[in-house]
């Protein structure tokens, strides 16, 4: 190792390892007074990172330095403060359509830049997407990325994150930009359902169509390039915004669970609210004790209003519970029923209903 390489390595003070292999390390740049990430990767990936270093894109990490040491390529890149998409979904549950689309557009911007440099990421997955402090999605980890090679018919290695990798990455065909588009479709589905396609597919239009087109088995049936996907997402976001504006202007919209535009559903829900309002008046008239009034009102709410909010809410509350939201629709509903029954019986057993 020559003196220049030794000097470069001495510039960085390790703080902690970010993976079990010790090949990704959180470090402090003593010369430039900044926190960064040091990665030790195969030397053959150096040309790819050299290309990325020249790209200026907010959804890609800035590459500070690239050099070789001990038969490895050393990458010093900007440390992105934030949380991985995987962790976000696990902790907070599924995302709204607008927020999911915003993140997709961020990653489309990153893929648009790298595809323009003839680079295919091949591992667009929740672990490799960071949501930064500005609520922007940043695409990381180009360690299995490759440059496009039209003369090949298949990839020589089977790589990628299971559930998010395209069929081509399992040896069926040669990967290209459409392989990353497949992964983007799975990512969008994951943000909206908390599950991969095989476990649960988002079935609400207009984004359902975007997902289906992105994840076609035949690459020729997908979006031809990332710009097509990006354009369609923007078009669907406009449709979603208009739909939301209609809901905001609808009567009862500010009342919980009144986001539906179906008159019959609104009438049924209005009846429940009217019934509960009448019972409030009745309870105050029938009971002298405030405890009895509150106890009876909670009991009636558990029989009427709470089930409506729990089971009928547009974005169903139980869909946002980290453990439950990973199941399919039938399993989620079964768990929702179990939770409701347990809560109702627990209340009845521990808080006697006043007579």
Within the range 65-78, does at least one residue satisfy the condition of being surrounded by 13 or more Cβ atoms within 10 Å (Cβ to Cβ), at pLDDT 90 or above and not in a strand (DSSP E or B)? no
So in the range 189-203, with the set limited to residues that are part of a loop (DSSP other than H, G, I, E, B) and touching a residue at least 60 places away in the same chain (Cβ under 8 Å), which one is surrounded by the most Cβ atoms within 10 Å (Cβ to Cβ)? 194
For the range 327-343, give me each residue that is within 21 Å of the chain's Cα centre (by Cα) and either more than 19 Å from residue 202 (Cα to Cα) or assigned to a loop (DSSP other than H, G, I, E, B) (or both). 327, 328
Please list, ordered by residue number, the helices (runs of 4 or more DSSP H) wholly in the range 257-314 having 1 or more residues that are within 37 Å of the chain's Cα centre (by Cα), at pLDDT below 80 and not assigned by TED's automatic domain parsing to the domain that holds residue 243. 263-286, 305-312
Can you tell me which residue in the range 159-173 is surrounded by the fewest Cβ atoms within 10 Å (Cβ to Cβ), limited to those that are assigned to a loop (DSSP other than H, G, I, E, B) and at pLDDT 80 or above? 162
Out of (1) crowded, with 21+ Cβ neighbours inside 10 Å; (2) assigned to a helix (DSSP H, G or I); (3) not assigned by TED's automatic domain parsing to the domain that holds residue 201, the odd one out for residue 59 is which? (2)
Taking the range 116-129, which residues are surrounded by fewer than 23 Cβ atoms within 10 Å (Cβ to Cβ) and more than 17 Å from residue 185 (Cα to Cα)? 116, 117, 118
For the range 217-229, name all the residues that are assigned to a helix (DSSP H, G or I) and either surrounded by 19 or more Cβ atoms within 10 Å (Cβ to Cβ) or not assigned by TED's automatic domain parsing to the domain that holds residue 206 (or both). 219, 226, 229
Inter-residue pairs, beta-carbon under 9 Å, first at positive phi and in the range 59-76, second assigned to a strand (DSSP E or B), 6+ apart: 70/40
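The values are calculated or read from the model by the stated rules, or taken from the named source; none is laboratory data. What you see is a predicted model; the values in this text were computed from it and never measured. Using ideal geometry, Cβ is built from the backbone for each residue, glycine included, and neighbour counts are taken over all protein chains shown.
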